[in-house]
Structure formats: C-alpha cells, structure tokens
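The values are calculated or read from the model by the stated rules, or taken from the named source; none is laboratory data. Everything quoted here is computed from the prediction, not taken from an experiment. Positions of Cβ are generated from backbone atoms using ideal geometry, with glycine treated the same way; all protein chains shown enter the neighbour counts. These accessible areas exclude ligands, DNA and RNA; they are computed on the full protein's heavy atoms, side chains included. Shrake-Rupley method; radii C 1.70, N 1.55, O 1.52, S 1.80 Å.
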Amino acid sequence: MKLKIIIRIIIYSLLILILIYKLKDFFFTNSEYSKVNPNLLKTKMIRIINNERESNNIPSVEYDSITAVSAQFHADEMKKYNYFSHYSINGIPPYIRYSLKSNGAFAIGENIALGANYKILKIGFIELKGKIDIKNIIRKLNYDMYSEKPPNDGHRKTILNKHYNRIGIGIAYNDTLLFYVETFTGKYIELLNDIPQNIKAGNSINIYAQILYDSLELEHIKVYYDNIPDSLPLGNDFFIDPRNSYGYPDSVIYYLTAQLQINGNPNFYNTIQIYDDQFYGNIYTFNKGVYTIVPILSDGRDLFEGANISILAE
C-alpha cells in the first residue's frame with residue numbers, strides 16, 4: 001500500500017515538473033528575457049554562418065565593426081518605426097545606408113528576417129502568451145534563409161557568396177517582434193583619399209584606391225545614380241514593404257575604363273587611371289542625387305564588386 005502511494009507521488013511529481021517546464025515561458029519570462037547578451041549572440045551567429053559556408057567549401061567571414069554599425073542601425077530603425085523592409089525609413093537602400101550611415105566602402109549584401117517574439121498556449125477558452133528564447137528565434141531565422149531552394153534562394157546565395165569576407169549582425173526586439181539583419185561585405189579595396197559623403201552637385205568626385213590582393217585586377221568602374229529618395233509611407237500600423245528585395249538602379253550612368261571615350265572624344269570628367277595595384281578615378285555629378293561608385297574586379301575567373309561608395313550630391 002505504501003509503495004503504491006510512493007509511486008503515485010513520484011508520478012504526480014514528474015507530471016507537475018513537466019507541466020512547469022512546458023509553462024515556464026508563460027510564467028517566468030522576465031528574468032529569462034533580460035539574460036540575452038546581444039554581443040555574445042552575434043558572435044554565435046557568425047560562428048553558425050561560417051559553419052554553413054565551410055560546409056559548402058566557401059571561406060569564412062570575419063566580424064567587421066563598420067559593417068556591424070550598418071546592420072545594427074537598420075535593426076534598430078525597423079524596431080523604432082514598426083516596419084519591415086530592406087529600405088531605411090528615409091527610403092535609402094542598403095548600399096547607400098552602409099556608405100552614408102556607417103562610412104563603409106566595401107561591397108555589400110544584406111539579409112533581413114522578421115520573427116515573432118512570443119507564442120500562444122490555448123487551454124480551452126484561455127490563451128496564455130509567453131516568450132520564446134531569443135537565441136532559438138534567430139537560429140531558426142538564419143536556418144530558414146540558409147535552407148532556401150532555387151529559384152527563391154536569394155538569402156542563401158548571400159550567405160554563401162564566396163566574394164564576401166566580412167560580416168556584421170544586427171538584432172533588435174520588442175515584446176512581440178524580433179528584427180534580424182545580416183550584412184555581408186567584401187574587403188578588397190582600400191581608399192587612399194578621403195571621399196566626402198556630401199558634395200555640391202556639379203562638382204567632381206575623386207577616388208584614389210589600392211587593390212589589396214595581387215591576384216585581382218580592376219576591370220572597370222560602374223557608377224549608379226539614384227534620385228534623392230522619398231521616405232517610406234509609414235502609419236500607425238505595422239508596415240511591410242512590398243519590395244522584398246533591393247538592387248542597384250537598372251541603368252549605369254558611367255561605365256569607366258582606362259580608355260574611356262564618348263562619341264570618339266575623351267571624357268575628361270569621367271576617367272580612371274591605373275598604376276599597378278592602384279587606381280585613380282574622377283567622376284562628375286551632373287545633378288542632385290546619390291552617386292554610387294562600384295569598382296568591378298577580376299580574379300581571372302569571375303567578375304565581382306570590389307567596393308561600394310555612395311556620395312550624396314545636393
């Protein structure tokens with residue numbers, strides 16, 4: 001008789017422990033929620049991303065502080081203004097934000113993801129709202145992007161792009177949503193002159209730079225032009241931008257090579273000169289807007305973006 005009672009007590013105790021474990025996210029959320037260490041979590045995510053790259057025979061990426069500033073800035077602004085988009089609140093795309101907000105100059109690619117920061121438990125007519133472990137949300141967001149299948153695999157291609165060698169992570173969350181940003185960059189060029197972020201339209205932009213690897217050569221320079229963008233149409237409700245991707249403008253306003261001529265006449269405003277591993281470029285701003293300079297490099301097999309430098313002409 002006593003043995004049966006002891007067995008029942010043990011069984012009931014185990015059931016209670018299991019129930020408490022299942023409900024812990026609904027009753028003991030505050031202390032767990034505050035234990036998240038964003039910097040440690042970002043480090044773990046970089047390790048996970050490098051494992052994904054290495055499993056596909058792609059070199060790993062390194063943490064970059066300038067890239068991290070851009071990623072965190074965007075995560076914070078999406079949280080602050082209650083929206084989800086690759087574009088900033090003022091309408092600028094990632095490549096312009098990276099240059100103007102964090103003074104970055106590397107080639108850039110960005111992944112963003114949105115996660116629910118809660119879960120619902122229904123018991124009859126009762127609904128309990130509880131937290132989800134932030135670490136698990138972010139791991140799943142990255143895993144979902146990494147696991148994409150063609151043709152809808154843009155995030156996966158960014159994670160596995162062999163020409164990116166730097167990364168920054170942005171994480172921001174509130175009581176209901178988590179905003180996650182992965183910004184990848186490629187460091188192949190070092191600027192040798194200071195390029196202003198703002199100039200007066202009608203002036204020229206000078207770029208003087210050095211290619212960091214002997215195995216690379218400058219193929220040409222593309223210059224893109226964006227009109228000064230309009231701010232996003234945000235309201236009181238959560239806004240999801242219908243544009244689920246971003247990119248450079250369709251047309252290239254300048255396509256610069258070392259022997260550039262237009263209609264048979266040398267273009268003295270838009271030229272590049274190459275000296276071994278260094279090059280000098282002069283680019284004319286014909287109108288107000290944003291000019292993005294993108295040197296294209298060759299490694300003997302592929303052509304790829306070697307840098308991304310945006311300048312606002314006002």
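Summarising the label geometry, the points placed 7 Å from Cα in the beta-carbon direction at Lys162 and Ile48 lie 2.6 nm from one another. Take Ser231: with every protein chain present and a 1.4 Å probe, its accessible area is about 80 Å².
In the structure shown, the pairs Lys79/Lys162; Lys42/Lys101; Lys80/Lys187; Lys79/Lys140 are assessed against 22 Å; a Cα-Cα span above that value is assigned to Lys79/Lys162; Lys80/Lys187. Given a 1.4 Å probe and the protein chains as shown, Glu305 ends up with an accessible area of around 60 Å². Each label was represented as a point 7 Å from its Cα along the Cα-to-Cβ direction; for Asn236 and Glu314 these points are 3.4 nm apart.
Give the cross-link partners of Lys44 among the aspartates and glutamates, using a straight C-alpha distance below 14 Å as the criterion and excluding same-chain residues fewer than 8 apart. Here the aspartates and glutamates satisfying the reach criterion relative to Lys44 are Glu52, Glu62, Glu182.
The distance between label points at Asn206 and Leu41 comes to 4.6 nm (points 7 Å beyond Cα on the Cα→Cβ vector). Distance between the C-alpha centres of segment 30-92 and segment 206-261: 22 Å, rounded to the whole angstrom. Heavy-atom accessible area with a 1.4 Å probe sorts Tyr213, Tyr98, Tyr246, largest first, into Tyr213, Tyr246, Tyr98.
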